[in-house]
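The values are calculated or read from the model by the stated rules, or taken from the named source; none is laboratory data. The shown structure was predicted, so the numbers you read here are calculated from the model rather than taken from an experiment. Here the Cβ positions follow ideal geometry from the backbone for every residue, glycine too, while neighbour counts run over all protein chains shown. Note: accessible area is taken over every heavy atom of the protein model, side chains too, but ligands, DNA and RNA are not part of it. Shrake-Rupley method; radii C 1.70, N 1.55, O 1.52, S 1.80 Å.
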Amino acid sequence: MPPAGANRKLEFEQTALGELPVLYRVARRLTGDAHQAEDLVAQALLDAAKGWHSFDGAHPRSWLIRILRNRYLRHAQREASKPRHVQLNEAAAMQKDIWEDLDWQMIGPKILDALDELPEEYRTAVSLCDVEQMSYEDASLAMQVPIGTVRSRVFRGRRLLREKLAWVVNEDVS
Amino acid sequence: MFHNKNRTGPPCKHMEKLLNKTAEGSARGIARWYALAHAARCGPCRRFLNALIEMIARLRASKNEGLPDETAQRLKSSAAAAAANIPFDD
Ligand SMILES: [Zn+2]
Ligand SMILES: [Zn+2]
């Protein structure tokens with residue numbers, strides 16, 4: 001339990017400060033935009049401060065990400081009409097051997113851009129488990145789905161990411 | 001144990017989960033040994049495993065850059081502002 005009294009502010013601030021880089025990176029992946037990511041973190045922190053009295057103190061990172069993502073998803077529903085993602089050319093992707101070696105010199109800086117093109121549930125699963133190296137348990141608390149669901153989203157997300165990366169190479173040489 | 005003698009193409013379907021767990025480091029003991037032994041003898045699974053290991057390493061490393069100073073400062077201010085909303089009680 002967060003302590004009662006004057007310490008509660010301090011406890012909240014210390015918890016939040018420790019999680020700011022993670023929250024920002026997750027927000028950046030969710031929104032696809034640096035400025036919107038900052039706004040999202042700021043708003044999520046206000047939500048978190050409001051809920052701080054009822055937070056049980058367990059898994060603070062998952063708790064904060066859950067608040068952040070829920071705020072984003074509520075907002076994103078209103079913007080669902082404007083698709084941000086270009087559909088992958090499935091036929092071309094099928095022909096391509098996606099597991100062949102990639103030129104990481106060229107592709108390395110684009111890995112997060114490619115990740116940003118995945119559907120949200122895969123993007124967030126990979127972002128939490130592979131980028132942030134959260135456990136499947138912590139990611140499942142953050143995403144409010146069973147652990148098995150997180151795991152299959154991560155596995156599928158890695159495959160989708162690989163398709164995107166193979167496609168980036170394809171586009172650049174053609 | 002080994003089904004696919006080709007060196008290209010997709011990994012063995014029944015190995016995909018275990019290879020994912022091996023690549024991320026969550027497969028342990030006999031499961032990990034089995035995956036590595038399979039990959040050693042199966043070209044597509046070996047390529048799949050190596051590709052996953054490399055991609056996961058790149059994803060993990062992507063966060064090492066850290067935040068720009070100005071961004072970090074503004075986020076700290078946001079945290080302080082949010083904390084100020086928490087009432088003193090008792
Ligand atoms: Zn087998
Ligand atoms: Zn195989």
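Here is how the numbers come out for the structure above:
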{"read-out": "Qualifying residue in the stretch B:9-18 (condition: open to solvent by 70 Å² or more (accessible area, probe 1.4 Å), within 11 Å of chain A (Cβ to nearest Cβ) and modelled with pLDDT under 95)", "value": "yes"}
{"read-out": "Selected residue (criterion: farthest from ligand 2 (Cβ to nearest atom)) from residues of the stretch B:39-62 that are closer than 26 Å to A:L128 by Cβ and open to solvent by 40 Å² or more (accessible area, probe 1.4 Å)", "value": "B:A61"}
{"read-out": "Filter result (facing another protein chain (nearest Cβ under 8 Å) and under 18 Å from A:G51 (Cβ atoms)) within the stretch A:10-21", "value": "A:L10, A:F12, A:E13, A:A16, A:L17, A:L20"}
{"read-out": "Criterion (modelled with pLDDT of 95 or more and open to solvent by 80 Å² or more (accessible area, probe 1.4 Å)) met by exactly one of A:Q105, A:Q133", "value": "A:Q133"}
{"read-out": "Breaking point among (1) at positive phi; (2) modelled with pLDDT of 95 or more, for B:T71", "value": "(1)"}
{"read-out": "Where a residue in the stretch A:92-106 is of a type outside the set (A, V, I, L, M, F, W, C) and its partner, wherever it lies, is modelled with pLDDT under 80 and in a loop (DSSP other than H, G, I, E, B), with Cβ under 6 Å and at least six apart", "value": "A:D97/B:T8"}
